[in-house]
Amino acid sequence: MLRSLVGSEMCIRDRYREWVIGLISGCMSGGVAAMVTTPFDVIKTRQQVVNIPKPSREAQSASCTRLGCNRLGLLHVARVMWRTEGVPAFFVGGVARVSKVGPSCAIMYSTFVLMKTWFALG
């Protein structure tokens, strides 16, 4: 009887440790992923909000072939950002993004670990 209690207590500690490791791992991996992808998100946002005046009909066909129908490409936007604002422009909003994505990944992954353990018992 005593052995089964000690064994189950150790098992609970192991499960708790696995859950905490999942929580920390999810937060760290989500934060790193958010920081690595922030420059691409900033470029995408700049592409979406850029205000390009409509060209005349004659110039429209030329601009469609050159700019992709008045859409600025990823490399063009990145070059302009690099030249005018420098490297910090690529990480604007990075702290807010990491603050949002890190905890949400922690919750998601630790819930996965908890459910995996729960379903394995049942």
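The values are calculated or read from the model by the stated rules, or taken from the named source; none is laboratory data. The structure presented is a predicted model; accordingly, all values stated were derived computationally and were not measured. Reconstructed Cβ throughout: ideal geometry from the backbone, glycine too, with neighbour counts over all protein chains shown. We work out accessible area using only protein heavy atoms, side chains counted, and drop any ligands, DNA or RNA first. Shrake-Rupley method; radii C 1.70, N 1.55, O 1.52, S 1.80 Å.
Suppose we keep only residues that are closer than 22 Å to P39 by Cβ and outside any helix (DSSP H, G or I) within region 70-122. Which one would you say is least open to solvent (accessible area, probe 1.4 Å)? Talk me through it step by step, then tell me what you get.
Quick first cut of region 70-122, residues closer than 22 Å to P39 by Cβ only: 71-105.
From what is left, the residues that are outside any helix (DSSP H, G or I) are 71-73, 85-86, 92-93.
Numbers: R71: 173, L72: 41, G73: 36, E85: 93, G86: 20, V92: 91, G93: 44 Å².
Ranking the candidates gives G86 first.
Here is a check on your reading of the model: is N51 loosely packed, with under 15 Cβ neighbours inside 10 Å and either modelled with pLDDT of 95 or more or in contact with a helix residue (DSSP H, G or I) (Cβ under 9 Å, 6 or more places away or on another chain) (or both)? No; evaluated as a whole, the condition is false for this residue.
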